[in-house]
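Trainee: This is the structure, below, for whatever I ask next.
The values are calculated or read from the model by the stated rules, or taken from the named source; none is laboratory data. Model, not experiment: these values are computed from the prediction. Counting neighbours? That spans all protein chains shown, and the Cβs are built from the backbone with ideal geometry, glycine included. Heads up: the accessible areas ignore ligands, DNA and RNA and are worked out on the full protein's heavy atoms, side chains in. Shrake-Rupley method; radii C 1.70, N 1.55, O 1.52, S 1.80 Å.
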Amino acid sequence: MGLDVQFTFDCADPAALAAFWAEALDYRVQGPPDGFDSWAQALTAFGVPPERHNDASAVVDPEGTGPRLFFQRVPEPKRVKNRVHLDVRAAPGLTGEARMAALEAAADRLVAHGASRVARHEPAPPLGAGHLIMTDPEGNEFCLD
């Protein structure tokens, strides 16, 4: 069995980006530690000042099998294309027009949550099944595949 992995995103607004990716992946925002009803309550108890409550957030797979995504606030904006990106498998088992229609439906749903469309790549058999290039609300590239 391989090692567990977490993907970390540098960002300006961890709570907002976590909410987007929870929607995109059918994940959930990670809840507060045991004994606390909210993150605000936990962070206040830990002595974290209110202006630092949005320094980090995370999303987790409700089934507990997928990787955790961690979002940390950084002062600098995104400047260049990502060298690594996520491929969101939004049309498993589909091919051709049915696949592209499922990808378009997923794109429409995510655009409504702040994503942007970048490009559409049509199926090009035998190796290219077709995919959409997108960006999340902070400009991080990902593919609907």
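Trainee: Of all residues in region 72-90, which are in a loop (DSSP other than H, G, I, E, B), of a type in the set (A, V, I, L, M) and under 16 Å from Cys143 (Cα atoms)? Outline the logic, then answer.
Mentor: Residues of region 72-90 that are in a loop (DSSP other than H, G, I, E, B), as a first pass: 74-85, 89-90.
This time we only want the ones that are of a type in the set (A, V, I, L, M), so: 74, 80, 84, 90.
Matches in region 72-90: Val84, Ala90.
Trainee: What is the residue count in region 72-106 for residues that are aliphatic (A, V, I, L, M), within 14 Å of Thr8 (Cα to Cα) and surrounded by 10 or more Cβ atoms within 10 Å (Cβ to Cβ)? Write out each step before concluding.
Mentor: Within region 72-106, the subset aliphatic (A, V, I, L, M) is 74, 80, 84, 86, 88, 90-91, 94, 98, 100-103, 105-106.
Now drop any that are not within 14 Å of Thr8 (Cα to Cα), which leaves 74, 84, 86.
Pick out the ones that are also surrounded by 10 or more Cβ atoms within 10 Å (Cβ to Cβ) and you get 74, 86.
Summing the residues that are aliphatic (A, V, I, L, M), within 14 Å of Thr8 (Cα to Cα) and surrounded by 10 or more Cβ atoms within 10 Å (Cβ to Cβ) in region 72-106 gives 2.
Trainee: Here is a follow-up. Quick one: is Ala106 under 12 Å from Leu25 (Cα atoms) and part of a helix (DSSP H, G or I)?
Mentor: Values: under 12 Å from Leu25 (Cα atoms): yes; part of a helix (DSSP H, G or I): yes.
So Ala106 fits the description; yes.
Trainee: Tell me, which residue of region 54-71 that is without any contact (Cβ under 8 Å) to a residue 40 or more places away in the chain and either assigned to a strand (DSSP E or B) or open to solvent by less than 50 Å² (accessible area, probe 1.4 Å) (or both) is nearest to Gly31 (Cα to Cα)?
Mentor: Step one: filter region 54-71 for residues without any contact (Cβ under 8 Å) to a residue 40 or more places away in the chain, giving 60-65.
So of that shortlist, the ones also either assigned to a strand (DSSP E or B) or open to solvent by less than 50 Å² (accessible area, probe 1.4 Å) (or both) come out as 60-61.
On the way: Val60: 9, Asp61: 12 Å.
Out of the qualifying residues, it is Val60.
Trainee: How do the pairs read when you match residues in region 82-107 that are of a type in the set (Phe, Trp, Tyr) with residues anywhere that are assigned to a helix (DSSP H, G or I), using Cβ under 9 Å and keeping only pairs 6 or more apart or on different chains?
Mentor: Listed by first residue and then by second, the contacts come to nothing, as the list is empty.
Trainee: Let me ask something else. Return the residue satisfying two criteria in turn: it lies in region 1-53 and is charged (D, E, K, R) and in a strand (DSSP E or B), and of such residues it is surrounded by the fewest Cβ atoms within 10 Å (Cβ to Cβ).
Mentor: Residues of region 1-53 that are charged (D, E, K, R), as a first pass: 4, 10, 13, 23, 26, 28, 34, 37, 51-52.
Next, only the ones that are in a strand (DSSP E or B) stay: 10, 28.
On the way: Asp10: 16, Arg28: 13.
It comes out as Arg28.
Trainee: Out of all the residues in region 114-139, which are out of contact with any Leu (no Cβ under 9 Å at 6 or more places or on another chain), in a strand (DSSP E or B) and farther than 15 Å from Lys78 by Cβ?
Mentor: Selection gives Ala124, Gly128.
Trainee: Conditions: (1) in contact (Cβ under 8 Å) with a residue 40 or more places away in the chain; (2) within 16 Å of the chain's Cα centre (by Cα). Pro77 meets all but one. Number of the miss?
Mentor: (2)
Trainee: Among what's in region 118-145 and is aliphatic (A, V, I, L, M) and out of contact with any Ser or Thr (no Cβ under 9 Å at 6 or more places or on another chain), pick the residue that is surrounded by the fewest Cβ atoms within 10 Å (Cβ to Cβ).
Mentor: Taking region 118-145 first, the residues aliphatic (A, V, I, L, M) are 118-119, 124, 127, 129, 132-134, 144.
Checking which are out of contact with any Ser or Thr (no Cβ under 9 Å at 6 or more places or on another chain) leaves us with 119, 124, 127, 132-133, 144.
Numbers: Ala119: 9, Ala124: 9, Leu127: 6, Leu132: 23, Ile133: 17, Leu144: 25.
Selected residue: Leu127.
Trainee: Filter region 86-145 for residues that are over 21 Å from the mean Cα position of the chain (by Cα) and of a type in the set (S, T, N, Q) and give the result.
Mentor: Thr95
Trainee: What are the residues in region 29-59 that are of a type in the set (Gly, Ala, Ser) and either out of contact with any Pro (no Cβ under 6 Å at 6 or more places or on another chain) or farther than 11 Å from Ala15 by Cα (or both), if any? First the steps, then the outcome.
Mentor: Of the residues in region 29-59, the ones of a type in the set (Gly, Ala, Ser) are 31, 35, 38, 40, 42, 45, 47, 56-58.
Scanning region 29-59 gives Gly31, Gly35, Ser38, Ala40, Ala42, Ala45, Gly47, Ala58.
Trainee: Is it fair to say Ala115 is hydrophobic (A, V, I, L, M, F, W, C) and either closer than 30 Å to Glu51 by Cβ or open to solvent by 90 Å² or more (accessible area, probe 1.4 Å) (or both)?
Mentor: On the way: hydrophobic (A, V, I, L, M, F, W, C): yes; either closer than 30 Å to Glu51 by Cβ or open to solvent by 90 Å² or more (accessible area, probe 1.4 Å) (or both): yes.
Here the answer is yes, as Ala115 does meet what is asked.
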